[in-house]
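The values are calculated or read from the model by the stated rules, or taken from the named source; none is laboratory data. Everything numeric here is computed off the predicted structure, so don't read it as measured data. No Cβ is skipped: glycine too gets one built from the backbone with ideal geometry, and neighbour counts run over all protein chains shown.
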Amino acid sequence: MEKFRPDFVLIDLDGTLVDSVPDLAYCVDEMMKALGLPERGEAAVRNWVGNGVPKLVARALTNSMEDEPDPVLYKKALAIFEDLYRENTSQRSRVYPGVFEGLDWMRDNGYRLGCVTNKAEQFTLKLLEDKDLRPYFEVVVSGDTCANKKPDPEPLLYAAEQMGVTPDHALMLGDSKSDVKAARAAGYHIICVSYGYNHGEDIRNYQPDAVIDSFAELPDYLKAKDEA
């Protein structure tokens with residue numbers, strides 16, 4: 001992939017900027033205990049995240065990726081989880097190494113940045129603020145901002161529209177097949193991190209434009225402001 005200079009860089013949150021699984025796993029296990037059901041543990045939750053809280057709760061209840069839980073139990077469980085997560089959005093979560101270095105480099109080189117996630121706005125903004133990430137982003141698109149979530153392209157198209165740029169001059173940074181599918185459908189370029197959440201699969205299987213191990217590698221792919 002040759003170096004280029006997109007007009008806009010849209011960045012995924014969970015698994016790309018922040019390792020939020022420790023908080024999510026804590027809330028899953030506390031929810032399960034409250035329901036008198038077996039705890040699932042962090043390793044299982046790490047494979048389930050990426051499609052929003054409602055899907056995570058369903059996966060925890062069924063101990064599977066796709067099965068549907070009992071509707072009455074699900075409604076009760078979701079309310080318990082959301083109460084827990086409001087108090088534990090960022091207690092145990094950590095910004096990945098290299099993220100601030102990469103964000104600072106992009107900001108210093110004149111890149112306009114946005115954040116996109118399938119996490120609901122009430123949790124998204126709190127996590128970004130608590131981790132000192134919110135000031136980097138001109139636009140934040142949460143899981144309930146648009147009618148559809150990733151892998152649907154709508155959130156990415158909405159972000160480009162808000163920034164006044166065309167998708168073919170935009171770049172997404174993500175970690176999952178949902179990010180790749182959304183980016184391809186929206187017409188974005190896509191670079192993925194190797195360390196995120198992709199349901200146990202190697203992100204290279206989904207053929208993003210490039211794969212990096214750290215945001216600190218972004219200068220290898222993006223042009224500095226003084227480069228032609």
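Here Met32, Met1 are screened, and the one residue that is among the aliphatic types (A, V, I, L, M) and closer than 30 Å to Asp226 by Cα is Met1. Looking across segment 125-145, just one residue is over 15 Å from the mean Cα position of the chain (by Cα) and either crowded, with 18+ Cβ neighbours inside 10 Å or of a type in the set (S, T, N, Q) (or both), and that is Tyr136.
Just to be sure, is Val49 modelled with pLDDT of 95 or more, under 30 Å from Pro97 (Cβ atoms) and surrounded by 15 or more Cβ atoms within 10 Å (Cβ to Cβ)? Judged against the criteria, Val49 is not a match. Here Tyr195 does not fit the description of being touching a Leu at 6+ places or on another chain (Cβ under 9 Å) and of a type in the set (Phe, Trp, Tyr).
Tyr188: of a type in the set (Ser, Thr, Tyr) and surrounded by fewer than 21 Cβ atoms within 10 Å (Cβ to Cβ), yes or no? So Tyr188 fails the test. For beta carbons closer than 6 Å, sequence separation of 6+ or different chains, a first residue in segment 155-178 that is in the same structural domain as Glu121 (by TED's automatic domain parsing) and a second that is among the basic types (Lys, Arg) and at pLDDT 95 or above, the qualifying pairs are Ser178/Lys150.
Note on segment 1-22: residues that are in contact with a Cys (Cβ under 9 Å, 6 or more places away or on another chain) and among the aliphatic types (A, V, I, L, M) total 4. Going by the conditions given, is Met31 in contact with a helix residue (DSSP H, G or I) (Cβ under 7 Å, 6 or more places away or on another chain), crowded, with 21+ Cβ neighbours inside 10 Å and either aromatic (Phe, Trp, Tyr) or touching a residue at least 12 places away in the same chain (Cβ under 8 Å) (or both)? Taking the combined requirement at face value, the residue satisfies it. Scoring Leu10 on the criteria (1) within 20 Å of Asp179 (Cα to Cα); (2) in a helix (DSSP H, G or I) leaves a single failure, condition (2). When Asn198 is tested against (1) in contact with a Cys (Cβ under 9 Å, 6 or more places away or on another chain); (2) under 18 Å from Tyr111 (Cβ atoms), exactly one condition is not met: (2).
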